[in-house]
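The values are calculated or read from the model by the stated rules, or taken from the named source; none is laboratory data. These figures come from a predicted structure and were not determined experimentally. As a convention, Cβ positions derive from the backbone with ideal geometry for all residues, glycine included, and neighbour counts pool all protein chains shown. Accessible surface areas use protein heavy atoms only, side chains included; no ligands, DNA or RNA. Shrake-Rupley method; radii C 1.70, N 1.55, O 1.52, S 1.80 Å.
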Amino acid sequence: MATIDAPEDERETAGVGVGRGDEPLLSVEALTTAFYTDRETIRAVDGIGFDIHEGETLGIVGESGSGKSVTARSIMGLVESPGRIEPRSSVRFRGEELTDLSEKEYRTVRGGGIAMVFQDPLTSLNPVYTVGNQIKEALRLHQGLRGEEATERAIELLEAVSIPDAARRVEEYPHQFSGGMRQRAVIAMALACDPDLLICDEPTTALDVTIQAQILELLEDLQEERGLSILFITHDMGVIAEVSDRVAVMYAGETVESAPVEELFRSPKHPYTQGLLESIPGRHPDSDRLRTIEGDVPTPNAAATDCRFAPRCPEVFEDCHEVHPQPVAVGSGDEDHHAACLLYPEDTSRDAAVEHHVERKRERTGGEGE
Amino acid sequence: MSTTTAAEDAPSARRSEGEDLTLRERIAANPRPALTWGAVFALLVALEFGALASGLIVLTRTAVVGITAVIQVALEALRAPFEALGLEPVVGIVNDVLGVWETSQGRFPVTSEAGDISRDTVGKIAESKRHDAPKTFSLLWVQYQLSDFLFGLQHFTESVPTLLNREVIPNQGFKTGPAGPWKNTFLGLEPAAAWAVRATLVYVYAFLTMFWVFKAYNVYREHYRVADWTPRDDVVDRLRGHRWGQFGFVVVFMFVTMAVFAPTLGPTTAEANIESTYQNEVQYFDSESGQVEEVFVGQANAGAKSKGQGDQNVGPLSYDDYGRYHPFGTDVNGQDLFTFMVAGSRISLFVGLIAIGLSAFVAATLSLLSAYYKGLVDLATVIAADSVIALPQFLILIMVSVAFQGHWLSRVYSGGMLIALVFGLSGWPFLWRAVRGPSFQVAEEEWIDAAKSFGQRVPVTMRKHMLPYILGYLLVYGSMSLGGIIIATSALSFLGNGLGINPPTPEWGRAIAAGRNYVSTQSWHIATIPGVMIVLVVTAFNALGDGIRDAIDPESEGAEGGGAAAGGGG
Amino acid sequence: MSRWSYVLKRLVLAVPVLVFALTVTFMILYLGPLDPVTAVFGQEYNPSDALQLRKDLGLVRADGSPVPLWEQYIDFMVRLFTFNFGQSWVVASEVSVSTLIWNKVLPTVWLGFWSVIVALVVGLPLGFYAGLNPNTGGDYLASFGGIVWRAMPNFWLAVILAGAISQGGFLEGYRTWIIETQVIGTPRGTLETLLMDVELLGIAMPMVDPTNFFAAVKWILPAALVLGSSSMGNEMRIGRTAVLETINSNYVETARAKGVSSWKIVSKHVFRNAMVPLLPVIMGEFYLLIGGSVLVELIFNINGLGRLFISAAFGADVTVLGALLFIFVTMTLVFNIIQDILYTMIDPRVGYESE
């Protein structure tokens, strides 16, 4: 059989891991987060895996409802009842397993090791405390700074995120800041903890385009200065192209494709990624109407037994409804580019490819079952 | 979601055809569902036509007297300064409009219709008092004539036989011997069972009718509505899933049913048992003399008092010595507490509805005006509202009640009208607060500018484009304030001394006052049952308000709903 | 600056509100059919005495001609605003209204104070608990309890509670619990002996007598519980919603993401934000106290301002009524302004959005 054996590390990380020599800063494996409500169980994140290395930016892209934000919250340990991270999931940060930590232990990681910037800068700051107060709260927690010292450090941080007149601004309340300013302040607050990894959950979505560009630039500068790793979550392909080193495409709780950013944009492999790229306005100047992907992201209620994109897929064939595709290398020479689609590996026959996916699925779940 | 697409997919030919037709034409095209519904509804109405019609007439008469009374008070207030200044011509004109004339003995008629003028049994103004009625066309003349006419009509409708009435299913009877069978009761049943049958049937009938009225919406939606989906469907769906709101609705509905069917529901009537006890008689089997005796209700009541000590107690679900069944026991005067409660529900509901209606009217008018004109109008409204709120409502109520003691207004509906008026005029700021925000919101909408731009008249703009938007909020907060009014009315009656609803008209608060000293005795029921009923009804009105709010404003549902939304995330 | 100009604006607005409210009071008392003179004399109507009273009340001039209404109005307003309340005619003949009110103020303040405390101490923690643990059994119990508690009429609750702790009631033991006290009646004696002189380091210092203090609290507690009942329910309900809204807000998630402990999140981030909607409810207690005290004082037989109001109303004692309403309205407005000041302190956005 002309199957391609997946590399050893890939077998564990279920997809995106790159075989670099060094230990990844963050390593996510088989992460499954489900929400249990009276009516149904929603597997918002369903067995995804990826690595982030030092100084690297991983972009996660997907439509709303694809599980991007829940992924970020799962890493931060912020999933609340009725949500639960399933037992077999693993999130390792600097080699330490986070999913086993107690709430108290997790708090030192939150902010200290990993910081997060949320989508809506207008509501991310507590309206009744000054911006300085909220930055100083983080400083006290993670760096033990108090009083004058903390104030000075807060002013420095505000300056670092290019807020003019920081000494005065530090005493002001969030409502006195504009939207862009507030997001800068939120970033300053995240930096106050001196994190190694910054998770940005759609940090620019609520801002207008010029401010958006400024914030992206700021993040880039900060990354250069501090050697930050960034997990950047967005639904905007344009933003992804600008900020990421590598990209993971999420669909209905799963990673459907992952690749270095140029590779992905140059030759998208998964029909969903292709569709996403097609739908960017201006990619087809000759066409008089915008291309879209018909239909909605399905809500995953149970472990997948088929391809969740099949109902919307233009290249769907029979096996798509029978076999759950696994992330595999798209071709023999392309170990860094994975897609979870029965069309791949592309250098084998279709039947062989399907068989390969079935085999991979058995390998992954077989170990878990016993 | 899917229904909208269905609407889009529907054959456009059919849609445009349907849109052009009026509802009447659509029914004509497919009359079957409408006719079926209508036939059943007609049957339901026919069964209880007398009771329903008389209820409707009472409401109409209330409205007539209420509206004319308000105008009358306003005109009298207007007349006062002119009188003080001695401007006789103006006073004369006001008197002419009112329909009053002056003689050396004073001003006639001094009272409003519903006050002092005696009535005969038919309810018509007694002949001897007729000369007191206004003679020329005027406000009071209209009031007298309309009210007289409606009284006659009411009397007539009450004589129309209904299925569920005390004559068809009687529960008052007497034993023929010490253990002998009951006579004069329904099928010879025990009075308790006969009463239970009647009360149950009344509620079954009421719920059936309600169900059938809701059914009309479904019939309309299924067969006659052009659109497959409207936002109202979502509101109805949300209400269907709202258990708390449904609880409220059911209890409120039972309360309203109680008020509407008050004369039928009680084991006896307020008229016979409470108001004219010495014009009615009761037959019972006297074990001492060994035969059936006949006494006045008043005498029977005197022997059936609940006063705590010794054997002076007729508790809930028991008989008194005269073979009369008392579901809630008797009160300190030996009157049937259930009958008292049932009759009392009428006045509570009446006061609540009038007050809320008036408040809602003032609140809506002011909030729309201030939202439309803003600026000074708004400022004036804010100051007026703040001033009214700054006045302690309950104390004002006491003060006004005292001030108007002896005035004809305090006799209209046993004082209920005065309370309702004070509540209406002092309660509007609470509703106004609730609708001011939404009013300003809707005033910002583009369709208001559009209406302005093509020269729509201001009142029309407000009524057609702004009012519907705030109506839901009025309903929500009106329902919630209704509880407070019921509580305050009973509190006033509890205080007594001419405050609140005047005896002998039953009011729940007065039962609590009567049973006050017996709470820790075996006659605990007198104060406890009315209190529990108030709590239940007030809670239900609040729950109903909650339910409607969550249904029309799903945003607020999210705040209460909790975690389920987190799954969507992104 | 803009925050304090907001408070100033509210302060300025309070003046027309007070004038307007007092005008309404005047209209009810002087324009309505109420006749204080008949109320004073009742059956024994003596024309010359009545005329004298009319003169004293300022209804009639010295020469017997009636004083025009607008003059009565000006007089009424001026007297109130200069705290010249005049004297009572019916309730306590020819006693100055100020003395009358001053004599009754202590029990009412004591009652009101404890009703606020009881409502806060029970209502707020329960509401917060329910909000922090939504959709649990405890939440349902607290929410439902709050709703029913709020729907209970004060006077009925008072009747039931007074019955329950009276002889033969199921809470009869309350009277003798720890120390024997009354529960019905005015705790005047106990209140007046609340302070005892203690010699401390050779200096006589007023100190609270613990036994008397406890007795006075125990005495008033049932009445205070009734008076605070609806506020308690309100605080529970609004507290729950406010906490729930705050705890699900983005800034709380941001705070959690920076590693703030759960306790700190509740005590710092949730509490202050939740106080914003709660503030009017807490300050609104005062408003409920005014109306409620009438009924509660009557049923628990406490000789305070509420009882005074009732007797003044039944007796048509216009001077006492006017003075009491002036005090109540002024107090309400003062509390409103305190609320506005607290608002601007708690929420920096106040005054910002409205401009």
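Looking across A:Pro127, A:Pro121, one residue alone is modelled with pLDDT under 85, at the interface with chain C (Cβ under 10 Å from one of its Cβ atoms) and open to solvent by less than 40 Å² (accessible area, probe 1.4 Å). It is A:Pro121. Restrict the check to region B:519-526 and report whether at least one residue is modelled with pLDDT of 90 or more and either open to solvent by 10 Å² or more (accessible area, probe 1.4 Å) or within 11 Å of another protein chain (Cβ to nearest Cβ) (or both). Yes, that holds for at least one residue.
Against the conditions (1) within 12 Å of chain C (Cβ to nearest Cβ); (2) buried (at least 21 other Cβ atoms within 10 Å of the Cβ); (3) basic (Lys, Arg), B:Arg436 satisfies every one except (1). Consider A:Ser64 carefully, then state whether it is over 28 Å from C:Ser267 (Cα atoms), assigned to a strand (DSSP E or B) and within 19 Å of the chain's Cα centre (by Cα). For A:Ser64, the condition - over 28 Å from C:Ser267 (Cα atoms), assigned to a strand (DSSP E or B) and within 19 Å of the chain's Cα centre (by Cα) - is not met. For region A:161-181, give me the residue count where each residue is closer than 16 Å to A:Ala192 by Cβ and open to solvent by less than 20 Å² (accessible area, probe 1.4 Å). Going through region A:161-181 one residue at a time, the tally reaches 5.
If you go through region B:388-409 and keep only what is crowded, with 22+ Cβ neighbours inside 10 Å and of a type in the set (Gly, Ala, Ser), you end up with B:Ala390, B:Ala403.
In the set A:Ile215, A:Ile233, only one residue is more than 26 Å from C:Asn273 (Cα to Cα) and at pLDDT 90 or above; that residue is A:Ile233.
B:Leu536: within 9 Å of chain C (Cβ to nearest Cβ), over 20 Å from C:Leu295 (Cα atoms) and at pLDDT 85 or above, yes or no?
Details: within 9 Å of chain C (Cβ to nearest Cβ): yes; over 20 Å from C:Leu295 (Cα atoms): yes; at pLDDT 85 or above: yes.
When the stated conditions are applied, B:Leu536 passes them.
Among the residues of this structure, A:Gln183 counts as one that is within 14 Å of chain C (Cβ to nearest Cβ) and modelled with pLDDT under 90. Return the total of residues in region C:149-177 being in contact (Cβ under 8 Å) with a residue 24 or more places away in the chain, open to solvent by 30 Å² or more (accessible area, probe 1.4 Å), in a helix (DSSP H, G or I) and within 22 Å of B:Leu536 (Cβ to Cβ). The number of residues fulfilling the criteria is 3. Scanning region A:26-70 for residues that are open to solvent by 10 Å² or more (accessible area, probe 1.4 Å) and in contact with a His (Cβ under 9 Å, 6 or more places away or on another chain) yields A:Glu63, A:Ser64.
Every residue, every condition in (1) within 11 Å of chain B (Cβ to nearest Cβ); (2) over 21 Å from A:Leu264 (Cβ atoms); (3) at pLDDT 85 or above, yes or no:
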| site | (1), (2), (3) |
| --- | --- |
| A:Ala14 | no, no, no |
| A:Gly17 | no, no, no |
| A:Ala34 | yes, yes, yes |
| A:Thr37 | yes, yes, no |
| A:Ile52 | no, no, yes |
| A:Gly62 | yes, no, yes |
| A:Glu80 | yes, yes, no |
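Taken together, C:Phe328, C:Phe286 contain a single residue that is of a type in the set (A, V, I, L, M, F, W, C), closer than 25 Å to C:Arg150 by Cα and at pLDDT below 90, which is C:Phe286. Can you find a residue that is β-branched (Val, Ile, Thr), buried (at least 16 other Cβ atoms within 10 Å of the Cβ) and closer than 30 Å to B:Phe82 by Cβ anywhere in region C:89-96? The answer is no; no qualifying residue exists. I'd like to know if region C:259-269 contains one or more residues that are in contact with a strand residue (DSSP E or B) (Cβ under 9 Å, 6 or more places away or on another chain) and open to solvent by less than 10 Å² (accessible area, probe 1.4 Å). Yes, region C:259-269 contains a residue that is in contact with a strand residue (DSSP E or B) (Cβ under 9 Å, 6 or more places away or on another chain) and open to solvent by less than 10 Å² (accessible area, probe 1.4 Å).
From B:Ser481, B:Ser490, grab the single residue that is at pLDDT 90 or above, in a helix (DSSP H, G or I) and within 14 Å of chain C (Cβ to nearest Cβ). Show your work before the answer.
On the way: B:Ser481 fails: at pLDDT 90 or above.
One residue alone meets the criteria, B:Ser490.
Listed conditions (1) part of a loop (DSSP other than H, G, I, E, B); (2) open to solvent by 70 Å² or more (accessible area, probe 1.4 Å) are all met by B:Gly455, apart from (2). Every listed requirement among (1) modelled with pLDDT of 90 or more; (2) buried (at least 19 other Cβ atoms within 10 Å of the Cβ); (3) of a type outside the set (Ser, Thr, Tyr) is met by B:Phe253 save one, (2).
Yes/no per residue for (1) in contact with a Lys or Arg (Cβ under 9 Å, 6 or more places away or on another chain); (2) touching a residue at least 24 places away in the same chain (Cβ under 8 Å):
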position	(1), (2)
B:Phe285	yes, yes
B:Asn301	no, yes
B:Val314	yes, no
B:Tyr319	no, yes
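Residues that are of a type in the set (Val, Ile, Thr) and either more than 8 Å from every other protein chain (Cβ to nearest Cβ) or out of contact with any helix residue (DSSP H, G or I) (no Cβ under 8 Å at 6 or more places or on another chain) (or both) number at least 2 in the following helices (runs of 4 or more DSSP H) confined to region B:333-419: B:337-373, B:375-390. Taken together, C:Ser88, C:Ser166, C:Ser96 contain a single residue that is small (Gly, Ala, Ser) and within 14 Å of chain B (Cβ to nearest Cβ), which is C:Ser166. Just a yes or no: is a residue in region B:498-507 within 9 Å of chain C (Cβ to nearest Cβ), out of contact with any Lys or Arg (no Cβ under 8 Å at 6 or more places or on another chain), outside any loop (DSSP other than H, G, I, E, B) and surrounded by fewer than 24 Cβ atoms within 10 Å (Cβ to Cβ)? No, because not a single residue in region B:498-507 is within 9 Å of chain C (Cβ to nearest Cβ), out of contact with any Lys or Arg (no Cβ under 8 Å at 6 or more places or on another chain), outside any loop (DSSP other than H, G, I, E, B) and surrounded by fewer than 24 Cβ atoms within 10 Å (Cβ to Cβ). When A:Ala115, A:Ala44, A:Ala72 are checked against the criterion of being touching a residue at least 12 places away in the same chain (Cβ under 8 Å), in contact with a strand residue (DSSP E or B) (Cβ under 6 Å, 6 or more places away or on another chain), part of a strand (DSSP E or B) and within 12 Å of chain C (Cβ to nearest Cβ), a single residue qualifies: A:Ala115.
Tell me, which residue of region A:198-250 that is aliphatic (A, V, I, L, M) and within 14 Å of chain B (Cβ to nearest Cβ) is farthest from A:Phe93 (Cα to Cα)? Let's see the steps before the verdict.
Step one: list which residues in region A:198-250 are aliphatic (A, V, I, L, M), which gives A:198-199, A:206-207, A:209, A:211, A:213, A:215-216, A:218-219, A:222, A:228, A:230-231, A:233, A:237, A:239-241, A:243, A:247-250.
Adding the requirement that they be within 14 Å of chain B (Cβ to nearest Cβ) leaves A:199, A:206, A:233, A:250.
Numbers: A:Ile199: 13, A:Ala206: 29, A:Ile233: 18, A:Met250: 21 Å.
Out of the qualifying residues, it is A:Ala206.
Results for (1) crowded, with 24+ Cβ neighbours inside 10 Å; (2) under 25 Å from B:Ile512 (Cα atoms), shown as yes or no for each residue.
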{"site": "C:Leu298", "(1), (2)": "no, yes"}
{"site": "C:Gly304", "(1), (2)": "yes, yes"}
{"site": "C:Ser311", "(1), (2)": "no, yes"}
{"site": "C:Val350", "(1), (2)": "no, no"}
